[in-house]
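Have a look at the structure below before the remarks.
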Amino acid sequence: MIGRTLTLYFAGRFAKMVLAMFALFFCLIATISYFELVRKVLQSDDYDVLRGAMVILLRVPSFSEYALPFATLFGSIAAFVIANRRLEVVVARAAGISAWQFLLPATVVGLLFGVLATTVYNPIAVALKDSADWMNASIGSDSSTAFDASTGPVWLRQAGGDRESIIGATESYDNGLGLTGVTAMVFDRSGRFIERVDAGTAHFATGEWLINNATVTAPGKTPERTDVYRLATMLGADDIKQTFENTDTVSFWGLPGLIDAAEKAGLSSDRYRLRYNALLVQPILLLAMVLIAAIVSLRFSRSKDLGQMILSGIGVGFVLYVITKIARDLGGAGIVPAPLAAWIPAIVATLIGITVLLHLEDG
């Protein structure tokens, strides 16, 4: 069996490379957001630079969370390639240590990183992002941050009083009850367009939306500014949350209570279940990335074509990410049960990795 000293050595080298790669992704995301901040400063004379920079800084940890699987993949590949370059793998094999033995420290560290990312890093990142969303909403009516919603505005059709309306927003906060980047189209009961309302922020109150610092544009009239535009709605808070709440703003520890509350209210909990299971399966997903990197390292010990094998490992990692994303989209839409959509890609990838390693190592 592999000794304690060698185990700690391999585990430490692996952990350092993964952390270094994650730090690189973190800095890259922060740099991109910095250039976005510069662009916004140049476009607006009254943009609050200090608060805008603070919003971006608080949001970087949340967006960096999505880079963790790739950081694990690239860090693992780098660690194994360096071990091959230094002939450490060859020496370990010559000493009678099998591939499974010197891969054990890496797999354990990968699983541990997944557990810590789910139980510790995710709640911290969510709390920081929530603070950033509140700060973003208070910057001003024309302010937005570098990270606008990549999927575009979310729209909701509603009725209230003697009017109907369609309200949309680019982002949400306060569990979906607060909106930023707001646009509302107001119609009468016969469907005739009355006016359009544009504003930086809005917040749901009982029976109405309070749209702050709104610009109201009606056909044949000059646009007017109003401090607070009240838009009536017959929807309740639970209905609003189902539409606008971003599951990424709910921490791992808060999701079970949210799932239970949604089911008791008779609302769909598919999105929350999917997010919860996606966080639960994260250790298995990181394990799959480690196994993919291990396949690269074993092939490299028998081949000089390093570049091709590294590109193959990266390609397999991206394919796994795409398959995982498609499966989760299907789960979020209710087409596939949420647990299956979250767990199956990671489990299948792990089993394939083990199968390939068995073939390469044991024939």
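The values are calculated or read from the model by the stated rules, or taken from the named source; none is laboratory data. Note that the structure is predicted; figures quoted are calculated from it, not measured. Using ideal geometry, Cβ is built from the backbone for each residue, glycine included, and neighbour counts are taken over all protein chains shown. In case anyone asks, the SASA skips ligands and DNA or RNA and just uses the protein heavy atoms, side chains included. Shrake-Rupley method; radii C 1.70, N 1.55, O 1.52, S 1.80 Å.
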Contact list, first residue from segment 1-22 and of a type in the set (S, T, Y), second anywhere and open to solvent by less than 50 Å² (accessible area, probe 1.4 Å) and assigned to a helix (DSSP H, G or I), beta-carbon distance below 8 Å, six or more apart or interchain, is T7/P105
Scanning segment 156-170 residue by residue, those free of Cβ contacts under 8 Å to residues at least 40 places away in the same chain and open to solvent by 10 Å² or more (accessible area, probe 1.4 Å) turn out to be R157, D162, E164, I166, T170
Filter segment 110-134 for residues that are small (G, A, S) and open to solvent by less than 40 Å² (accessible area, probe 1.4 Å); the one that is nearest to M289 (Cα to Cα) is G110
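Look through I82, I124, I139 and report the one residue that is at pLDDT below 75 and among the β-branched types (V, I, T). Walk me through it before giving the result.
Numbers: I82 fails: at pLDDT below 75; I124 fails: at pLDDT below 75.
From the options I82, I124, I139, the qualifying one is I139.
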Q.
Criterion first (touching a residue at least 24 places away in the same chain (Cβ under 8 Å), small (G, A, S) and part of a helix (DSSP H, G or I)) does A278 satisfy it?
A. yes
Checked against (1) among the aliphatic types (A, V, I, L, M); (2) closer than 30 Å to E171 by Cα; (3) in contact with an Asp or Glu (Cβ under 7 Å, 6 or more places away or on another chain), L116 satisfies every condition except (3)
Scanning segment 210-249 residue by residue, the ones that are surrounded by fewer than 17 Cβ atoms within 10 Å (Cβ to Cβ) and in a loop (DSSP other than H, G, I, E, B) total 8
- Message: Just checking, does segment 251-260 include any residue being under 15 Å from the mean Cα position of the chain (by Cα) and not in a helix (DSSP H, G or I)?
- Response: yes
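Please enumerate the residues belonging to segment 224-267 that are of a type in the set (S, T, Y) and in contact with a helix residue (DSSP H, G or I) (Cβ under 7 Å, 6 or more places away or on another chain). Working first, answer last.
Pass one, segment 224-267, residues of a type in the set (S, T, Y): 226, 229, 233, 243, 247, 249, 251.
Those that are of a type in the set (S, T, Y) and in contact with a helix residue (DSSP H, G or I) (Cβ under 7 Å, 6 or more places away or on another chain): T247, T249, S251.
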Looking across segment 251-273 at residues that are open to solvent by less than 20 Å² (accessible area, probe 1.4 Å) and aliphatic (A, V, I, L, M), the single one that is farthest from P69 (Cα to Cα) is A262
